[in-house]
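For reference, the structure is listed below as structure tokens.
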Amino acid sequence: MKSYRTHLMLCAGTGCVSNGSYRIKAALERELAQRGLQDEVAVVMTGCNGFCAQGPVITVQPDGIFYQLLKDGDVPELVEEHLLKGRPLKRLMYTPPETETPVPKMSDIGFFRKQRLIALRNRGLIDPENIDEYIARGGYKGLAKALGSMTPAQIIAEIKESGLRGRGGAGYPTGVKWESAARHASNAKYIICNADEGDPGAFMDRSIIEGDPHAVLEGMAIAGRAVGSSRGLVYIRAEYPIALERLSTAIRQAREYGLLGKGILEADFDFDIDVFQGAGAFVCGESSAMRASIQGEPPEPSAKHTHATEAGLWEKPTVLNNVETLAVVPEIIVRGAGWFSGIGTEKSKGTKVFSLVGKVKNTGLVEVPMGTSLRDIIFDIGGGIQGDRKFKAVQTGGPSGGCLPTALLDMPVDYERLAEAGSMMGSGGMIVMDEGTCMVDVARYFLEFLRDESCGKCTACREGVDVMYRIVSDICEGKGKEEHIPLLAELGDAVKDSSMCALGATAPNPVMSTLRYFEDEYRAHIRDHRCPAGVCKALVTFRIDPEKCRACLLCNKNCPQKAISGEKKKPQTIDEEKCIKCGVCRDVCKYEAVTVQ
Ligand SMILES: Cc1cc2nc3c(=O)[nH]c(=O)nc-3n(C[C@H](O)[C@H](O)[C@H](O)COP(=O)(O)O)c2cc1C
Ligand code: FES
């Protein structure tokens with residue numbers, strides 16, 4: 001294998017690719033060739049580095065210098081200064097707003113410092129399309145150990161002892177699930193990897209597959225050995241083209257290396273993996289709907305009279321595990337249950353990956369030990385709220401999770417605490433909201449999503465979520481009534497108790513949690529016909545404060561309705577008849593002169 005003095009680890013996660021990673025790669029290769037450096041410096045395309053807000057990003061190895069927000073035009077200077085003259089380029093380094101001093105090394109940047117990587121252990125360090133790089137970082141060691149020196153029962157015991165719980169939502173103990181599937185004798189058993197990931201704002205699973213597909217394949221093969229299965233299936237949505245491509249490449253390479261197929265590593269173990277593309281319906285992430293989808297039936301959940309580990313896909317014992325759950329497995333086998341269970345809280349062991357999005361400064365992919373506080377995640381790692389506005393809430397657990405207020409910022413994040421607080425871990429979405437967010441409108445948004453994604457099979461979910469959506473919409477439009485609040489709570493309980501699957505059972509969470517923590521806001525909409533956050537259009541009027549207006553005319557020039565007028569150098573005014581409350585004037589005003597009442 002060719003060796004290089006420097007590796008430019010260029011992020012090729014979906015975020016960076018959409019911001020031009022491949023153009024930067026071409027520019028780098030051109031520039032390196034022109035300078036005669038092509039045999040000294042390699043450009044390596046990696047999976048998501050995590051710090052997506054700053055993408056496209058490059059880490060220069062071995063010195064660990066981190067460059068961000070790259071454009072093709074930056075490439076000649078970067079090559080000249082850093083790679084030829086040995087002078088790292090300050091202007092492309094990350095500069096924390098609070099210090100204004102560029103931080104050269106990735107490991108010194110606040111976003112990365114408090115993270116602990118297990119599922120994302122290879123993030124930004126390998127080319128996901130090259131199996132040799134995964135192996136060089138200890139990849140397939142777990143499978144070799146599982147096949148070479150452990151019995152299936154010992155593998156299951158190790159996973160049980162580690163305390164690993166499913167990262168896909170319910171937090172079910174992985175070892176217990178495997179044990180149940182192992183117990184049921186059958187001529188066929190299936191290991192399914194759930195890569196459906198339908199939560200808005202979530203991209204953990206996509207990034208793991210894009211950045212380290214072999215970790216998932218290895219976890220699946222170990223699961224197969226443990227339960228006595230020779231057939232794996234990755235259920236992944238077709239909307240993930242990069243992940244799909246890298247997954248297919250990884251499967252092909254693993255087959256070529258004899259790590260999938262017959263007689264793996266010369267053991268008496270056959271295991272192969274196929275990919276099943278889903279069409280992108282949220283409900284397909286639910287186990288019985290997924291099974292129906294794979295079997296070519298309408299993807300509707302069904303009542304669970306028997307566990308899938310006894311009669312799942314094609315009525316055969318089936319283990320369904322989330323991408324992150326499976327990616328962690330090889331590390332537990334290599335490093336031992338004791339190592340893993342030493343991380344985290346009493347009942348939630350290990351780490352959890354979150355996609356940190358919304359109004360936080362450092363959006364991206366974050367992996368932290370269970371028990372890390374929301375404050376640490378949002379303020380230390382996430383860098384706080386954009387525009388230094390006030391934090392208002394964080395929504396965890398995907399569309400059917402809950403919104404948690406400022407008072408809970410110091411809460412350690414684990415399965416139990418989130419559930420007690422009226423939210424859930426879900427698969428790890430974390431959406432941060434600032435003071436400009438209306439919590440009633442947020443509840444409306446998630447209800448609309450869940451109403452649209454309900455398969456419609458059971459009445460409680462089909463009708464109940466729709467009625468809740470219509471009530472909350474009425475409240476947003478100023479048509480709310482006092483009795484709507486107890487009615488919403490009553491409906492929420494009914495939908496929760498009588499829905500057939502967890503989509504319906506958790507659908508009321510956004511309303512219940514916002515009612516629990518932000519009831520005042522509901523009351524302001526209903527009683528005072530006022531949206532305190534200034535979001536619900538029917539309830540707000542935009543005004544320009546003459547004291548604050550500096551007559552810069554930015555609002556006037558940007559108003560799409562020409563609803564703002566005024567003389568030059570004089571405060572401007574808004575014509576309420578013409579105003580469509582789009583909020584552009586408020587967004588462009590540098591002096592906070594546009595108020596919403
Ligand atoms: C509506 C709905 C959507 C779900 N979507 C996903 C998903 O996208 N990914 C996932 O891993 N689990 C999802 N789940 C949870 C799965 O049904 C299942 O519990 C999980 O894949 C099991 O794997 P784990 O034990 O490793 O968490 C969903 C559940 C429901 C009710
Ligand atoms: S996609 Fe590049 S840092 Fe996430």
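Quick note: the coordinates plus some simple rules give every number you see, no bench work behind them. In this text the structure is predicted, and so the values were computed from the model without any measurement. When we count neighbours, we look across all protein chains shown, and the Cβ atoms used for this are built from the backbone with ideal geometry, even at glycine.
Descending by average beta-carbon neighbour count within 10 Å, the peptides 301-309, 65-73 line up as 65-73, 301-309, the highest first.
Just flag the GluC sites (Glu not before Pro) in segment 397-452 sitting in loop per DSSP whose Cβ has no more than 15 other Cβ atoms within 10 Å. Working shown, then result.
Numbers: sites: Glu416, Glu420, Glu435, Glu448; in loops: Glu435.
Answer in residue order: Glu435.
Would segment 345-490 count as rounded, prolate or oblate if I go by the C-alpha gyration tensor, calling it rounded below 1.5 in a/c and otherwise prolate when a/b exceeds b/c, oblate otherwise? All intermediate terms of the calculation are to be shown ahead of the outcome.
Numbers: a/c = 2.15, a/b = 1.54, b/c = 1.40.
Prolate, since a/c reaches 1.5 and a/b exceeds b/c.
For segment 155-229, the direction-averaged projected area of the alpha-carbon convex hull comes to 5.4 nm².
So, by mean Cβ neighbours within 10 angstrom, what's the order for 495-506, 213-224 with the highest one leading? All intermediate terms of the calculation are to be shown ahead of the outcome.
Numbers: 495-506: 20.2, 213-224: 29.0.
Top of the packing list down: 213-224, 495-506.
Stretching the chain fully between Arg252 and Asp497 yields a gain of 83.7 nm (0.36 nm per residue, less the alpha carbon separation). Simple spin-label estimate for Arg5 and Arg516 gives 5.9 nm between the two label positions (7 Å along the Cα-to-Cβ direction from each Cα).
Cross-link list Lys390/Lys557; Lys361/Lys578; Lys2/Lys71; Lys114/Lys390; Lys2/Lys90; Lys189/Lys304: which exceed 26 angstrom alpha carbon to alpha carbon?
On the way: Lys390/Lys557 29 Å; Lys361/Lys578 35 Å; Lys2/Lys71 28 Å; Lys114/Lys390 23 Å; Lys2/Lys90 30 Å; Lys189/Lys304 18 Å.
Cα-Cα > 26 Å for Lys390/Lys557; Lys361/Lys578; Lys2/Lys71; Lys2/Lys90; rest within.
Subtracting the Cα-Cα distance from 0.36 nm times the residue separation, let me have the gained length for Asp410 to Ser302 in nm, one decimal. Intermediate values should be presented prior to the final figure.
Values: separation 108, 0.36 × 108 = 38.88 nm, distance 3.89 nm.
Full-extension gain reported as 35.0 nm.
Within the chain, antiparallel bridges make up roughly 55 percent of the DSSP beta bridges whose residues both belong there. Shape call for the chain from the C-alpha gyration tensor, a ≥ b ≥ c root eigenvalues: rounded (a/c under 1.5), prolate (a/b greater than b/c) or oblate? Oblate. Annotation: extensible slack from Glu310 through Trp339 equals 7.3 nm (criterion: 0.36 nm per residue apart, minus Cα-Cα distance). As a rough guide to protection, the peptides 86-93, 179-186 ranked by mean Cβ packing within 10 Å, highest first, stand as 179-186, 86-93. Using the Karplus equation 6.51 cos²θ - 1.76 cosθ + 1.60 (θ = phi - 60°), what ³J(HN,Hα) coupling, rounded to whole Hz, does each residue of segment 90-104 give in order, writing x for Gly and Pro? Those phi angles translate into 4, 5, 9, 7, 6, 10, x, x, 6, 10, 6, 10, x, 9, x Hz.
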